[in-house]
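Peer 1: Before anything else, here's the structure in question.
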Amino acid sequence: MKNIQIILWAFASCFLAVSCSEDIDVPYSEGERVYFEYLYQDPNYAAKRLIVRDSLTVSMGLLPDETKSYDVKIPVLVLGDQLSADKHYRVEVVQEGIVVKGQTTAKVNEDYLPLQDSYVFHAGTWSDTLTITLLRSHLSSSFTKKERKSIILRLIESDELKLGPRNGWEFKISMNNYVDQPSWWSVYALGYYHPQKYKILLMFNTEEFYSKVDILNAASRYINALKAYLEDNVVIDEETGKRVGFDNLIDI
């Protein structure tokens, strides 16, 4: 009898702990609901470890000059059962977020194409895709100016699909048109960052070059190749008119 009382007490304590510590906004029994959920590889882990992000940065500076637009694909998930038939959900651009931080600074038909009146969430799947088309012609490509614009998207409850968890109501897209500094740049002895230096490194990203790289000294080979290229070729910084060197910009 004593053992049964202990078990019941432990069960009750566990139930109360869960009830108090977890804030369940949306019961699963209230029909199908949609929400944003963008999974991103945690940069602090070499092994696969996904974290949920409510924003995405799109740098379009490395796109070919003839490419004038870029499609961003954002995952939209359903909470509840998979749909037995296609249903529609709605999305709007809002001036300021109530869940995510920031404001919309991009302009429709200038920085992005207008949103549709509604989007289809297809049957038989837990996840679908919302596509937003960004436009780059009105964004400065200057690395010095570093112009950025943003769009805040918000899901709207419809007759067919309600809203899921509050932290998935909104999603923020930040966009730029210059060649941004990659997060790994400062890890290696590549000198100061310049977009032209980054583009030159990408030129070496070929099977022929990689086949000659000693895996234990790969970084030093890329660094030496970059130094040699800048010594043998005159690369001009378009904004200052100076020559791009490995360690600094050089007056001509």
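Peer 1: With respect to TYR40, determine if the residue is at pLDDT 95 or above, in a strand (DSSP E or B) and open to solvent by 70 Å² or more (accessible area, probe 1.4 Å).
Peer 2: Values: at pLDDT 95 or above: no; in a strand (DSSP E or B): yes; open to solvent by 70 Å² or more (accessible area, probe 1.4 Å): yes.
Spelling it out, it is not the case that TYR40 is at pLDDT 95 or above, in a strand (DSSP E or B) and open to solvent by 70 Å² or more (accessible area, probe 1.4 Å).
Peer 1: Scan region 233-249 and report the pairs whose first residue is of a type in the set (Gly, Ala, Ser) and whose second residue is not in a loop (DSSP other than H, G, I, E, B), with Cβ atoms within less than 9 Å and a gap of 6+ or a chain change.
Peer 2: GLY245/LEU230; GLY245/GLU231
Peer 1: Among the residues of region 153-182 satisfying the criterion of being charged (D, E, K, R) and under 18 Å from ALA106 (Cα atoms), which is surrounded by the fewest Cβ atoms within 10 Å (Cβ to Cβ)?
Peer 2: Looking at residues that are charged (D, E, K, R) and under 18 Å from ALA106 (Cα atoms), I get ARG154.
Peer 1: Let me ask something else about it. Working carefully through the options GLN103, GLN95, find the one that is surrounded by 11 or more Cβ atoms within 10 Å (Cβ to Cβ) and of a type outside the set (Lys, Arg). Spell out how you get there, then give the answer.
Peer 2: Details: GLN95 fails: surrounded by 11 or more Cβ atoms within 10 Å (Cβ to Cβ).
Of GLN103, GLN95, the one residue that is surrounded by 11 or more Cβ atoms within 10 Å (Cβ to Cβ) and of a type outside the set (Lys, Arg) is GLN103.
Peer 1: Could you list, in sequence order, the residues of region 124-136 that are in a loop (DSSP other than H, G, I, E, B) and farther than 20 Å from GLU37 by Cα?
Peer 2: ARG136
Conditions tested, residue by residue: (1) out of contact with any Ser or Thr (no Cβ under 6 Å at 6 or more places or on another chain); (2) not in a loop (DSSP other than H, G, I, E, B).
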| position | (1), (2) |
| --- | --- |
| HIS138 | yes, no |
| SER142 | yes, no |
| GLU147 | no, no |
| LEU153 | yes, yes |
| SER174 | no, yes |
| SER183 | yes, no |
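Peer 1: Can you find a residue in region 57-77 that is part of a loop (DSSP other than H, G, I, E, B) and within 15 Å of SER174 (Cβ to Cβ)? Walk me through how you get there before you give the answer.
Peer 2: Here is the first cut: in region 57-77, the residues part of a loop (DSSP other than H, G, I, E, B) are 60-68.
Add one more test, that the residue is within 15 Å of SER174 (Cβ to Cβ), and what stays is 60-61.
Within region 57-77, one or more residues are part of a loop (DSSP other than H, G, I, E, B) and within 15 Å of SER174 (Cβ to Cβ).
Residue-wise test of (1) at pLDDT 90 or above; (2) among the acidic types (Asp, Glu); (3) open to solvent by 40 Å² or more (accessible area, probe 1.4 Å).
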| site | (1), (2), (3) |
| --- | --- |
| LYS146 | yes, no, yes |
| SER150 | yes, no, no |
| SER186 | no, no, yes |
| TYR193 | yes, no, no |
| ALA218 | no, no, no |
| LEU226 | yes, no, no |
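The values are calculated or read from the model by the stated rules, or taken from the named source; none is laboratory data. Keep in mind it's a predicted model, so treat the numbers as computed, not measured. Please note: Cβ atoms are built from the backbone with ideal geometry, for glycine as well, and neighbour counts cover all protein chains shown. With ligands, DNA and RNA removed, areas are computed over all heavy atoms of the protein, side chains included. Shrake-Rupley method; radii C 1.70, N 1.55, O 1.52, S 1.80 Å.
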